[in-house]
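The structure appears below as structure tokens.
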Amino acid sequence: MKHYMIPNKYIQRTESELIDFRSDTVTRPSEGMRFAMANAEVGDDVYGDDPKVNELQEKAAALLGKEAALFVTSGTQSNLCSLLAHCQRGDEIITGDKYHVYTDEAGGASVLGSIMMAPLKTNDDGSIDTEKISASIKPDDPHCPISKLLSLENTVSGKIQDHETINNCASVAKNLGLSVHMDGARLANAAVKLDASMSSLVEKIDSVSLCLSKGLGSPVGSVLVGPKDFIKRAYRIRKLLGGGLRQSGILAAAGIYALENNIERLEVDHKNALYLARKLKKIPGIYLKIKDVQTNMIFINIPAGSSNKFKSYCLKNKILINADSDNIRLVTHLDIDRDKISYFIEKLNSFFNIT
Ligand SMILES: *Cc1c(COP(=O)(O)O)cnc(C)c1O
């Protein structure tokens, strides 16, 4: 097969490039990833004959210890396919009130599936209490929705849910007849930090969604994994949602590259986040809790009312941050290195008048 080389102008980063702390979704495909994409053998995935999509799905299923997988366009579509595949109209999903499926997915399960959401208080460490889970499960009574699914998350705003926490929640739900879904958008970050396999973290979980387009560095895509019959239902729903793609092997090739090359390196992002946190802690005016920095996210508080000024100062210095309030999230990822962190700290020091 002919190999396509990628013109340098698409790879080399220019001096003027912005330093982007907004999210790990902003990563650009690396040279190796672009090479894999450019040279991907493709078919038509709606006919099921795109070899790269099939390869990615097999790889993802194996990595997460489940029977089957489905390549989907986004984490939101992945969760939605899962929730609609688990539940019928009038069923209820128990989840955390800070979890993405409840707060950031446009209420998809309710809008498109007539599924109720029962949000439970999310603790500061990202967990939800097992007692609250059991208490919120409805009796078999025609007055009530049918409790059907527990939807967990890992990591939760950068915070790790360890084996014990996940297994306890899953056991309680299973004993009461529920299925369990894991929104594992950043499950790889949790696994790397715990020095555990992703599959070990989801042993007791029925279905898992993993984002390829966050810390793993793919431009597009997530994978949903679970039992064969569940994935078959999710496949139909993906079609219904307009998520059936054609020569998506180009994207799946990026996903395969990400799973092969970008999991272990998440450790670098975690170390960079801690390094950045320690530097930030020395700046009067910035408040953060170091012990809250577990993976690649840092939350800082800056003086009340200064967020607009701070944001535009950063932008002027070619630094992009999300600063809609005094509470700011900074995320490390594969396009952030120590040099960029040092530059950021230097700029912060002048903003806060430290010489
Ligand atoms: C990003 C994210 C999603 C959704 O992913 P998109 O690809 O942005 O739709 C779902 N859950 C969590 C926890 C996320 O961080």
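Values computed for the structure shown
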item: Distance histogram in 5 Å bins (all Cα pairs of segment 215-355, percent per bin); result: 2, 8, 15, 17, 15, 10, 10, 9, 8, 5, 2, 0, 0
item: Computed [θ] at 222 nm, deg cm²/dmol, the chain (DSSP H ≥ 4; -39,500 (n - 2.57); rounded to nearest 500); result: -12000 deg cm²/dmol
item: Phi to ³J(HN,Hα) by Karplus 6.51 cos²θ - 1.76 cosθ + 1.60 over segment 308-324, Hz, x for Gly, Pro; result: 5, 4, 5, 5, 6, 4, 4, 4, 4, 9, 6, 10, 9, 9, 8, 9, 8
item: Interchain or long-range residues, amide H under 5 Å from E153's placed H; result: D183
item: Beta bridges by DSSP in the chain, antiparallel share as percent, to the nearest 5; result: 45 percent
item: Translational diffusion of segment 106-255, µm² s⁻¹ [Kirkwood Rh, Cα pairs; Stokes-Einstein; 25 °C; 0.890 mPa s]; result: 146 µm²/s
item: Phi-based couplings in Hz for segment 246-259 (Karplus 6.51, -1.76, 1.60; Gly and Pro marked x); result: 9, 7, 6, x, 4, 7, 5, 4, 5, x, 4, 4, 4, 5
item: Net charge over other residues, Cβ less than 10 angstrom from the Cβ of V101 (K, R count +1; D, E count -1); result: -4
item: The chain: Cα Rg divided by the 2.2 N^0.38 Å rule of thumb; result: 1.03
item: R233 - accessible surface, heavy atoms, 1.4 Å probe, Å² rounded to 10; result: 100 Å²
item: Magnitude of the charge dipole, the chain, Cβ model with Lys/Arg +1 and Asp/Glu -1, debye to 20; result: 980 debye
item: Exposure rank, largest accessible area first [C144, C211; 1.4 Å]; result: C144, C211
item: With all protein chains modelled, accessible area of E58 [1.4 Å, Å²]; result: 130 Å²
item: Accessible-area value, F352, 1.4 Å probe, nucleic acids and ligands omitted, Å²; result: 40 Å²
item: Unsatisfied cross-links (Cα-Cα over 28 Å) in the set K52/K228; K159/K239; K193/K282; result: K159/K239
item: Two-site label geometry, H3 and R338: point separation in nm, points 7 Å out along Cα→Cβ; result: 3.2 nm
item: Relative packing of 71-83, 43-55, which averages over residues the other C-beta atoms within 10 Å, highest first; result: 71-83, 43-55
item: Stretchable slack from E164 to N308, in nm (0.36 nm times residue separation minus alpha-carbon distance); result: 47.7 nm
item: Cα centroid separation, segment 271-285 to segment 109-184 (Å); result: 34 Å
item: Rough spin-label spacing in nm, given labels placed 7 Å along Cα→Cβ, for K132 and S200; result: 2.8 nm
item: Percent RCO, i.e. relative contact order, over the chain, from Cα pairs under 8 Å lying at least 6 residues apart; result: 24 percent
item: Interchain or long-range residues, amide H under 5 Å from S74's placed H; result: S222
item: For a label point 7 Å along the Cα-to-beta-carbon line of D326, residues of segment 296-316 with backbone N under 18 Å; result: 299-312
item: Volume per residue of the C-alpha convex hull in segment 31-178, rounded to whole Å³; result: 149 Å³
item: Calculated from backbone phi, Karplus (6.51, -1.76, 1.60) coupling profile of segment 215-223 in Hz, x at Gly/Pro; result: x, 7, x, 6, x, 8, x, 9, 10
item: Long-range amide H partners of D44 with built H, under 5 Å; result: D49, D50
item: Restraint check, K66/K232; K318/K340; K121/K214; K309/K347, Cα-Cα greater than 18 Å; result: K121/K214
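The values are calculated or read from the model by the stated rules, or taken from the named source; none is laboratory data. In this text, all values refer to a predicted model and were calculated from it rather than measured experimentally. Virtual Cβ from ideal backbone geometry, glycine too; neighbours counted across all protein chains shown. Just so you know, the surface numbers come from the protein's heavy atoms only, side chains and all, with ligands and any DNA or RNA stripped out. Shrake-Rupley method; radii C 1.70, N 1.55, O 1.52, S 1.80 Å.
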